[in-house]
Amino acid sequence: MRLQILGLAIVLGATTAVAQPLGANPPTKTIQCIEVSGQLIPPVCDVPASRLDSREYICTCPNGGQRLEVAICAKGQTPPPESRALDIARRLGMKDGSLVGDKVGDRAICVAPRNG
């Protein structure tokens, strides 16, 4: 009986390890919390206590808003300024659950990378 339980524990542990994806470092996406109007609400993110590791373990939206993936700006790229046009673009981008690849005008919607 103990051998069966031990075998089950090993199998469950192995499947859990396989299910955890290896994140990119530096990351290419993050989470934003967006209200129905398209306005930004700050997310709460659990991050490592390292300046070298800029990944985020998990981000939630406890203050409301829909949780959406958004691209992190590439080197030399800047996020679009907060404006009504950006709010409208975010509101329309909420429909597919992600802002990755969406644009406002001719600029890609992205966020500045997190500094450790």
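Once amide H atoms are placed 1.01 Å from N in the peptide plane, what residues at a sequence separation of 5 or more from residue 29, or on another chain, have their amide H within under 5 Å of its amide H? Distant-sequence amide H within range of residue 29: 72.
With only Lys, Arg, Asp and Glu charged, each at its Cβ (+1 for the first two, -1 for the last two), find how big the charge dipole of the stretch 55-95 is about the Cα centre; round to the nearest 20 debye. Working shown, then result.
On the way: 7 positive and 4 negative charges, 20 e Å.
For this selection, approximately 100 debye.
Quick one: ranking 52, 86, 40 by accessible area, 1.4 Å probe, largest first, what do you get?
Values: 52 155, 86 5, 40 80 Å².
The ranking, largest first, comes out as 52, 40, 86.
Under 16 Å of direct C-alpha separation, and excluding same-chain neighbours fewer than eight residues apart, residue 29 reaches these lysines: 75, 103. Loop-located GluC sites (Glu not before Pro) in the stretch 53-116 (DSSP state other than H, G, I, E, B) with a sparse environment of at most 14 neighbouring Cβ atoms within 10 Å: 82. For the stretch 43-97, relative contact order (Cα pairs under 8 Å, six or more residues apart, normalised by length) works out to 26 percent. Restricting the trypsin sites (Lys or Arg not before Pro) of the stretch 58-116 to loop positions (DSSP other than H, G, I, E, B) with no more than 10 neighbouring Cβ atoms within 10 Å leaves 75.
The values are calculated or read from the model by the stated rules, or taken from the named source; none is laboratory data. The structure displayed is predicted, hence computed values, not measured ones. Every residue, glycine among them, receives a Cβ derived from its backbone with ideal geometry; neighbour counts consider all protein chains shown. Heads up: the accessible areas ignore ligands, DNA and RNA and are worked out on the full protein's heavy atoms, side chains in. Shrake-Rupley method; radii C 1.70, N 1.55, O 1.52, S 1.80 Å.
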